[in-house]
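The values are calculated or read from the model by the stated rules, or taken from the named source; none is laboratory data. Small disclaimer: the values here were computed from a predicted structure and weren't measured. Cβ coordinates were reconstructed from backbone atoms using ideal geometry, including for glycine residues, and neighbour counts include every protein chain displayed.
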Amino acid sequence: MIACLRGPLIFRGVNRVIIDVNGVGYNVFVSLNTLEVLPQKDEALLHVYTAFRENSLELYGFATEEEKSLFEMLLTVSGIGPKTSLTILSGVSPDGFKRAVFEKDLAKLGSIPGIGKKSAERIVVELKEKIKAPPEKGKTAETSHFKVNLEEDLISSLINLGYKQKVAAEAAQKVLKNTEQNISLEQAVKLAFKELIK
């Protein structure tokens, strides 16, 4: 089983990267939180969860052991698979997720694509004993930028994450309208995603 991978990134997508390890490119699915902190050119280290399928093997990578641990915790919840777990961790920081579970914030959890009211309730019921105390509340610094040609890619990315066309378009317009300088697609997606799950 692959526990971690180290090497330069040769591809960055909205929810995956390809990391070159000694000449072998590994396709690794990542959350937006992880994608945001990975280096653009330097060597990256990913903590990896290996998911075995009937006819395939999928790798999920995380910038920190904490995020990987939460991912594995989510997989223990009935009805929550790897892709849904990754979507959850893309929509909320590890500390924010812990706080939402501890405070039984069903509205916060239920606003994430693929997580309805029943799934949110299951997450809280099945994980509340594993999350002992909420982390201290802190503010996450967000870089505010602007890039005109991002809109189409941003809308497409949000649709791929489970949002409908109209909702994705409105969120993209709002995020790009409220930014002033250049940002990457992944940063724009992260800002839009946070806006959508408020």
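The set of residues from the range 28-70 being small (Gly, Ala, Ser) and either within 13 Å of the chain's Cα centre (by Cα) or surrounded by fewer than 18 Cβ atoms within 10 Å (Cβ to Cβ) (or both) comprises Ser31, Ala51, Ser56, Gly61, Ala63, Ser69. In summary, Lys166 fulfils each of the numbered conditions (1) at pLDDT 75 or above; (2) surrounded by 11 or more Cβ atoms within 10 Å (Cβ to Cβ); (3) in a helix (DSSP H, G or I) with the single exception of condition (2).
Residues in the range 169-184 that are modelled with pLDDT under 75 and closer than 22 Å to Val37 by Cβ: Thr179, Gln181, Asn182, Ile183, Ser184. Give the range 55-82 a look and list any residue that's modelled with pLDDT under 95 and among the small types (Gly, Ala, Ser), or say none. Selection gives Ser56, Ala63, Ser69, Ser78, Gly79, Gly81. Considering the range 100-117, the residues that are over 19 Å from the mean Cα position of the chain (by Cα) and touching a residue at least 12 places away in the same chain (Cβ under 8 Å) include one that is nearest to Ile159 (Cα to Cα), namely Lys104. Restricting attention to the range 41-77, the residues that are among the acidic types (Asp, Glu) and in contact (Cβ under 8 Å) with a residue 24 or more places away in the chain add up to 5.
Given (1) surrounded by fewer than 14 Cβ atoms within 10 Å (Cβ to Cβ); (2) modelled with pLDDT of 80 or more, identify the lone condition not met by Lys132. The number of the failed condition is (2). Reported count of residues in the range 7-24, each being surrounded by 13 or more Cβ atoms within 10 Å (Cβ to Cβ) and either in contact (Cβ under 8 Å) with a residue 60 or more places away in the chain or part of a strand (DSSP E or B) (or both), is 12. For the range 95-105, filtered to residues that are modelled with pLDDT under 90 and surrounded by 19 or more Cβ atoms within 10 Å (Cβ to Cβ), the residue that is farthest from Glu66 (Cα to Cα) is Ala100.
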